[in-house]
Each structure stands twice: as C-alpha cells, then as structure tokens.
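Have a look at the structure below, then the notes.
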Amino acid sequence: MTDSPAAFTVKSPVPLDFGKAVTDTSRPGVFVIDITFPHGQAVNIQEISFKNYYTAFLMVRMMMRDPSQEGSPKWFTCLRNHRLMRNPHTEQGSQDYYSLYRQQMLTAPDGVTLVRLILRQPSLAWLNFTLEEIKIHPYPSEQDSERAVPGWLSHLTPGDQPDLQDLPDPETVSSSLQQMWALTEVMQTHQTAAPIGRFDVDGCYDVTLLSYT
Amino acid sequence: MQVHRSMRTNHFLFANQTTMAEKRRSGVSGILSDSKPAKPDTETEFLSQLGVGVLLRGALLKLAEVRPEDPIAFLADHFGNLASESENGAAGCGDAEQQNTQEQQQLERALWHLRLAHHSQRSAFNNNVRVAYELLVQSGQRPRVGGGVRGKIYAEMLRCLCREGEVPEATAAPLLRRIQCHDHEAVPFELFRQGVLTCAVFSDYVRKSRSLYASVCHPCPETPAERALCQAVLGTLRDALDTSDCADSARFLEASAKIAPCKLAEAMASARSPAGPQTGPTMDAREFEDAAAALFITRVRPTS
C-alpha cells in the first residue's frame, strides 16, 4: 500500500532530434518527460506509478542532492532501459499500469529534486507514445500514525505479579468493571441526536413567514 | 377392538356435550379449548364471532415472550389492561379529577408494558416502548399536545422507572435533570425511547456498582473499603471510558486491555496503603455508588 502521492509538476514530453534537419514528418523515437517538485523541495521516493501509452523502453534519471557531500546535485541513473512492452511492434503491455519501486532502482532515490523519464519507442507502428497518470509516492516518514503500534499493545503481557494479599480479587472486580463499561457503551451507542424542537417555529425559520400574530 | 373404540368415541362426545352445555349455561367463553371439527358448528361460529381466537393467541404469545413467574397474575393484568383500554376509548373527556386518575392509570399501564422485557432483549424492548408511547400519547387533557408525550408525564414515568430499578432519588436526580423536558413540551418517540433505555441501563449500572463495592470490600465485608482502593478502581473505569476515538474495534480492544485483571491488580497494589489495611481513610457504599453513577451520568447527552 502506498500513501497519497507527492505533489509535482510534469512538463509536456519533449522530443529529441538528431541533426539539424527538422521536418514536419520527422518521427522522433525518443521523448523526455521532466518532473519537478514544488518549491524545490527534495523528496524520498518510495514508488513511481504510471499508465503506459505505447512506450517500449524507459530510462529513469534523477537529480539527487547527496546529503553527505555539500556539492551541487548530481545526476544518477536509476533505471536503465527498462522494458515496458514485450514486443515494440505489438499491443502487449502498451496500455498497462506499471509501478517502479525504490528496491528496483540502481541508487536509492533519496533527496530527489528532479526526475527525468526518457521514453523510447523504436517501432514505426506507433507515432505517438507517452506515459500517463504519473504518480510519485514518497517514502513514509517516522511520524506516520497509522503505521505506529498503539502503546497499550506493548503493555499487554503482565510484569511481575504484585502481592495480592489483603487485596480484593482482581477477577471479580474486573468482571464487574467490564459489565459497567459495557452498560455505559450501550447507553452511548443509543444516544440519538433528535432534538425536542424546543425552539422550532412550526419547523421553519424562514424570516418572511414569521409574524406577530 | 371395534367395540372399544366406539365406546371411547361415545364417551368423548358425551363429555364434550356436557362441557358445551355448561358453557352455554354460564356464558363463559374464555376457557383454553381447542376447536376441532368434531364439535358442532354453532359453537365455533359463536367463538369466531367474538374474535376469541385472536384474543387468546395474543395473550399466549405475550405469555411465551415474557415468561413471568406468576402466569395467572400476568394474564389477569393483561386482560385487565385490554378491558380498561377499550373502556377509555369509548369514554369522552370528563372533569379534571377524572382525567388525573385516567392519566395515572395510563401511566401504570405503560409502566407495566415496559417491565415486560429487559433492555437487553432489544426487539421485545423496542416493541414494548412503542406500545407504552402510544398509550401515553393518547392520555392527557384536551387540547392534546401534538407530536408526542407531554413532558410532565414523561418526567413522571422516568422517575417511576428509576424508583422501580431501586435507584435512590438522590442518585437518579442528576440523570433526570439531564434528560427531562419541560412540562409543556412534547416528547417525540426517539427521545422517549432513549430516555427509557437510559433509565433501564442506569438501574442495571447502579446495581452492578453495588456488587463492585461488595467485591472491593471482600477481604473484610463488614468494614467499609479503603478510599484509595476505591479511587483506584473507579480510576481504571474512567480511563477505559475515556478511550480515544479511533475505530470501534480498536477502542474496544484498548478499553478491555485497561480493565484486564492484571492491570487492576497492579493499580490496586500500588494504591494499597503501606501501613496496612483499615488504617487509611475509607469510603462508604453510598459515596462509592454516587461516584460510579457520576461516571455514567457525565456521558449522557442532555436533551436540547
């Protein structure tokens, strides 16, 4: 299970061309998608999920700020030539949903400022190809309350049994307390919010209908 | 064989005819007899005209549902209620005194219905509350308050319920203050049901708190219990009741962990006075009961 995705902006795919001849009929086989995070924040990535649209191969590069070194951020290749479609000419895998996890990546994606997805489709059959619905899921932080184990669970196994001499029997006391707790619970679950209508004026507060008579 | 059978049949018919003759003479029809096709038609017609089958079926169903210790007294009350209900339906409005007694009777009847099922038998209890509500809505002076039971009758009924549940007046007073309504207000069914259920549950709760006090006193039943012990026990209950609002199942687990016997043993051991038992200040039964009742009452939502 992953948490809600981090916010980011995706730039539109940019084709890469070779040489100076740029014609209208050129069909680039490579697209690049850049993903930046707002306010230049650095994110620890747990997962990247997306829907494929006829992309055959994917390469993922990330610009990461290395916390140990104080220098400028550097580019790291996280996935090299990841195959999305089994056969670039056929339909298989062309519109599937994929998830890339941090365990699959060559370097741990921590402190990422920029993600670059490089899409390749060598086949002539597909003119346009891209990735849709890209989501980046951050690594969950320590204060995530839903994953935390509740405090009372760790106190379940009793420590040394205290000396019970001259004390009332804990079993009988506990059973009475449990029944009293259950009775209060019954009362609370059957509370209704139904008002008695103390201040209702025939059930409506419409100003135009109030009168002095 | 043939002869014997015919003799037995003759005897049966003869016995039936005598019973029929007796019935015709005394005019009593409320005997638990089954109508088999062997009887002559005029009797069955007569019985079905009166609608006796429905009456008896209703009485037997109620008897099976309630299972009272004294079935004859229960049946007598049941038929007595039915009789006075049909009487009241026919009567018009009389003077104030007559109306007061009528109100009192309706209240008694409503209370009788409410006593039939324990609040844990949810569907039977709800049915009885509905019947009691209908009874009380009809009682009262003209012009009738529309939309529910009159606040005065509702308050009186709650007081009677608490009294029957052996809850002392002083203990019940804060609860009644929370759920009562003004005399002139009309109480709708939802509120009525909630009030009745709260009083029934509260009487059970107070009874339980008395047995709790007895078990806390257990090592020496005659002397009152140590104050520190009582406070420790009530403190664990308060902790369990205050469990935070997460999902229901998590809340139940957490609360039950707090009032488990081992937790209680720890709390009581730490609260025990080091000088020995019966040396510290004590708490008597009444104070304990009031403190426990307060824990319940603070969680009752006041009527608004």
key: Simple spin-label estimate for residue A:87 and residue B:239 in nanometres, 7 Å along Cα-Cβ   = 6.9
note = Low-density loop GluC sites (Glu not before Pro), region A:69-143, at most 13 other Cβ within 10 Å, DSSP non-H/G/I/E/B, are A:70, A:91, A:142
query = So how strong a dipole does region B:204-297 carry about its Cα centre when Lys and Arg Cβ are +1 and Asp and Glu Cβ are -1, to the nearest 20 debye?
reply = 160
ask   = Percent relative contact order of region B:204-297, based on C-alpha pairs within less than 8 angstrom and at least six residues apart?
value = 44
note = Partner shielding of B:205-215, as the mean number of partner chain Cβ atoms within 10 Å, equals 5
Point-to-point label distance, residue A:108-residue A:44, nm (Cα→Cβ direction, 7 Å offset) = 0.8
ask   = Of all GluC sites (Glu not before Pro) in region B:182-245, which ones are in loop regions per DSSP and have a Cβ with at most 15 other Cβ atoms within 10 Å?
value = B:222
message = 7 Å from Cα along Cα→Cβ at both residue B:72 and residue A:166: what's the point-to-point distance in nm?
response = 5.7
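Values in this text are rule-based calculations from the coordinates and carry no lab data. Bear in mind the structure is a predicted one, so any value in this text is a computation, not a measurement. Reconstructed Cβ throughout: ideal geometry from the backbone, glycine too, with neighbour counts over all protein chains shown.
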